[in-house]
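Submitted below is the structure of interest, expressed as structure tokens.
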Amino acid sequence: MDAESLLLSLELASGSGQGLSPDRRASLLTSLMLVKRDYRYDRVLFWGRILGLVADYYIAQGLSEDQLAPRKTLYSLNCMEWSLLPPATDEMMVQTSVVKGRFTGDPSHEYEHTELQKVNDGEKVFEEEVVVQIKEETRLVSIIDQIDKAVSVIPRGALFKTPFGPVHVNRTFEGLSLSQAKKLSSYFHFREPVELKNKTLLEKADLDPSLDFLDSLEHDIPKGSWSIQMERGNALVVLRSLLWPGLTFFHAPRTKNCGYIYVGTGEKNIDLPFML
């Protein structure tokens, strides 16, 4: 959700019980404006909150003028002092995939994982137990990147692609109509497209290259991983992810108000295919 319309966005997303205390809201309003100024971002999004056992991580993301350019992610424990996180790498993903359970809330906390490594001793090869230390901050980077790639959402038309390649915010976007807002095909993943490249020319024939350049939610696997509901007498559409419980996307039809927020433990619902 955009930091400039933070209070309205939190109000619209509050139907899922995801809110912030008045002092946290006031701190975020001020500190995110300073983050935007100091880091010279085009836009700052309040991404959400990952719940820890001792403390919670408040996450924000900075976007450049090209909306699909790699985002800078920051975290805070008090909504006032922000620390920049490093970009996610494949090595981080593999390293943190073995860590299970809740976050502690301490970025310097180290998880211990024992793994077997083959050691050569002359002609003999034997396995040795090695204890690997994994920092919670590394796990935080990995989880945020996974959630972004899997369930970050944008309505069709909110962004447009220029003929030269960069993607910008569509200033003429006035929201989806009520009939469009009820369809999962009207929402896209807010990341670089993956499935679009695999489509045939016949499938691409009806697509508008300036608007339909992202992957649609309707083709997500497993099918049924999104819950779509109308609230406030059809004045608000809310999408909730069942794959990453805690991710809520909201959009008020025929208005520009839209955004998503994640408030959860950072744990994926791996049992979802058996629950549908």
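What does the helix-only formula give at 222 nm for the chain: each DSSP H stretch with n ≥ 4 adding -39500 (n - 2.57), the total divided by the residues, and the result rounded to the nearest 500 deg cm²/dmol? Can you show the working numbers first?
Details: 7 runs with 60 residues, N = 276.
The helix-only estimate for the chain comes to -6000 deg cm²/dmol at 222 nm.
Just to be sure I understand: of the beta bridges DSSP finds with both ends in region 1-131, what percent are antiparallel, rounded to 5? Working shown, then result.
Working: 23 of 24 bridges.
Of those bridges, close to 95 percent are antiparallel.
Match the structure shown to one of the listed values (1) 1.01; (2) 0.96; (3) 1.33 of Rg/Rh (Cα atoms, Kirkwood Rh), computed from it, and give that label.
Computed from the coordinates, Rg/Rh (Cα atoms, Kirkwood Rh) corresponds to (1).
In the chain, if the dipole is taken from +1 on Lys/Arg beta carbons and -1 on Asp/Glu beta carbons about the Cα centre, which of Phe164, Asn257, Phe190 is farthest to the positive end?
Farthest towards the positive end: Asn257.
Still on this structure, please answer the following. How large a share of the accessible area of the chain, in percent, is made up of carbon and sulfur atoms when the probe is 1.4 Å and the other protein chains stay in place? Before the final figure, lay out each step's value.
On the way: 7870 of 14760 Å².
Carbon and sulfur: 53 percent of the exposed surface of the chain.
Place a point 7 Å from the Cα of Met33 along the Cα-to-Cβ direction; which residues of region 82-101 have their backbone N under 11 Å from it?
Those under the cut-off are none; the list is empty.
For region 85-189, state which GluC sites (Glu not before Pro) are in a DSSP loop and have at most 16 other beta carbons lying within 10 Å of their beta carbon. Numbers along the way, then the final one.
On the way: sites: Glu91, Glu110, Glu112, Glu115, Glu123, Glu127, Glu128, Glu129, Glu136, Glu137, Glu174; in loops: Glu123, Glu174.
For GluC sites (Glu not before Pro) across region 85-189 that sit outside H, G, I, E and B with at most 16 neighbouring Cβ atoms in 10 Å, the list reads Glu123, Glu174.
Using Cα-Cα distances under 8 Å and only pairs 6 or more residues apart, what relative contact order does region 125-248 have, in percent?
Values: 127 pairs, mean separation 27.6, N = 124.
Relative contact order here is 22 percent.
Give the calculated FRET efficiency between Lys135 and Ser14 to the nearest 0.05, with a Förster radius of 41 Å applied to their Cβ-Cβ distance. The partial results should precede the final answer.
On the way: r = 33 Å, r/R0 = 0.82.
Taking R0 as 41 Å, the efficiency between Lys135 and Ser14 is 0.75.
So with the 1.4 Å probe, I'd like the accessible area per residue for the chain, rounded to whole Å². Could you put the intermediate results ahead of the total?
Numbers: 14760 Å² over 276 residues.
Spelled out: the 1.4 Å probe surface of the chain, per residue, equals 53 Å².
Would you mind calculating the relative contact order of the chain from Cα pairs under 8 angstrom and at least 6 residues apart, reporting the percent as a whole number? Don't skip to the answer; put the middle values down first.
Working: 487 pairs, mean separation 47.5, N = 276.
After rounding, I find 17 percent.
Could you tell me the calculated FRET efficiency between Asp23 and Lys199, based on Cβ-Cβ distance and R0 = 45 angstrom, to the nearest 0.05?
On the way: r = 48 Å, r/R0 = 1.07.
Taking R0 as 45 Å, the efficiency between Asp23 and Lys199 is 0.40.
What angle do you read, to the nearest 10 degrees and between 0 and 90, between the alpha-carbon axis of helix 136-151 and the longest principal axis of the chain?
Result, in degrees: 40.
If you don't mind, there's one more thing I want to ask. With contacts defined as alpha carbon pairs under 8 Å and 6 or more residues apart, what's the relative contact order of region 74-139 in percent? Write down the numbers at each step before the final one.
Details: 71 pairs, mean separation 19.2, N = 66.
Result for region 74-139 is 29 percent.
Now for a separate question. How much FRET efficiency would the formula 1/(1 + (r/R0)^6) give for Asn78 and Phe126, where r is the Cβ-Cβ distance and R0 is 51 Å, rounded to 0.05?
Working: r = 49 Å, r/R0 = 0.96.
Between Asn78 and Phe126 the formula returns 0.55.
Determine the percent antiparallel among the DSSP beta bridges restricted to the chain, to the nearest 5. Walk me through the intermediate numbers first.
Details: 49 of 53 bridges.
Taking every DSSP beta bridge within the chain, about 90 percent pair in antiparallel fashion.
Roughly how many nanometres apart are two label points built 7 Å out from the Cα toward the Cβ at Ser210 and Lys223?
Going from the Ser210 label point to the Lys223 one covers 3.4 nm.
Count neighbours as other Cβ atoms within 10 Å of each site's Cβ, and list the chymotrypsin sites (Phe, Trp or Tyr not before Pro) in region 74-173 that are DSSP loop with at most 11 such neighbours.
Qualifying residues, ordered by number: Phe164.
Let me know the charge dipole size of the chain about its Cα centre in debye, to the nearest 20, where only the beta-carbon of Lys, Arg (+1) and Asp, Glu (-1) is charged. Write down the numbers at each step before the final one.
Working: 31 positive and 38 negative charges, 269 e Å.
Charge dipole of the chain: 1300 debye, to the nearest 20.
The values are calculated or read from the model by the stated rules, or taken from the named source; none is laboratory data. Values in this document were obtained by computation on a predicted structure and should not be read as measured data. Don't worry about glycine lacking a Cβ; one is built from the backbone with ideal geometry, like all the others, and counts go over all protein chains shown. Protein only, heavy atoms only, side chains kept; ligands, DNA and RNA dropped before computing areas. Shrake-Rupley method; radii C 1.70, N 1.55, O 1.52, S 1.80 Å.
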